[in-house]
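Input: a single structure, listed below in structure tokens.
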Amino acid sequence: MSWDHASPYIHQVTVLPEYIDALEHTNNTQYVNWCNQAAWAHTTDLGLGADAYRALDRAMALTKAEYHYLRATQLGDVLDVGTWITSWNRKLVMERKMQIRSVATGDTVLRARLSFVCIAISTGKPKRPPAEFIARYTPALVD
């Protein structure tokens, strides 16, 4: 009933009727959306939102995602989506981990690992991150 790493960035969500599927639980694709929202919210909080990405002509683009669905969630459940930057080689590649927990029970309902590569937005090709990325992402790195 604890977080996998200390001091997560937390993005809270509530399971709404439109997230429920034919099995009467949250559709798996919604967890992917929540992880994406949490990652963007964390990045923006670090000062590197979409506007900063465009101004720098750089972005961290998703290259690989692994999701482990552990428990179903239901209509009205309130969930904390925790995220951390767990690896950042300061050249091209970053790893972000996600954990979704039920606020009511503390149970972990999902774990995810996301890999990103730094790209030039203008070309879509891998490119070394600018100094701003290193300055903003490095302090957020967890052990």
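Restricting attention to region 31-68, the residues that are under 15 Å from the mean Cα position of the chain (by Cα) and touching a residue at least 12 places away in the same chain (Cβ under 8 Å) add up to 23.
Restricting V93, V142 to those that are farther than 19 Å from A61 by Cβ and aliphatic (A, V, I, L, M) reduces the list to V142.
Take the residues in region 79-107 that are closer than 14 Å to T138 by Cβ and among the hydroxyl-bearing types (S, T, Y), then tell me which one is farthest from the chain's Cα centre (by Cα). The qualifying residue farthest from the chain's Cα centre (by Cα) is S87.
For the residues T83, T44, the requirement of being out of contact with any Gly (no Cβ under 8 Å at 6 or more places or on another chain), open to solvent by less than 50 Å² (accessible area, probe 1.4 Å), under 25 Å from L16 (Cα atoms) and hydroxyl-bearing (S, T, Y) singles out T83. Candidates Q30, Q74, Q37: the one that is buried (at least 17 other Cβ atoms within 10 Å of the Cβ) and polar (S, T, N, Q) is Q30.
Every condition in (1) surrounded by 18 or more Cβ atoms within 10 Å (Cβ to Cβ); (2) under 23 Å from H25 (Cα atoms); (3) β-branched (V, I, T) holds for V117 except the one numbered (2).
Among the residues making up region 79-93, a single one is modelled with pLDDT of 95 or more, of a type outside the set (V, I, T) and farther than 13 Å from W3 by Cβ: L79.
The values are calculated or read from the model by the stated rules, or taken from the named source; none is laboratory data. All values derive from a computational prediction rather than experimental measurement. In this analysis, Cβ positions are derived from the backbone assuming ideal geometry, glycine residues included, and neighbour counts consider all displayed protein chains. To get the accessible areas, we keep the full protein, side chains included, count just its heavy atoms, and leave off ligands, DNA and RNA. Shrake-Rupley method; radii C 1.70, N 1.55, O 1.52, S 1.80 Å.
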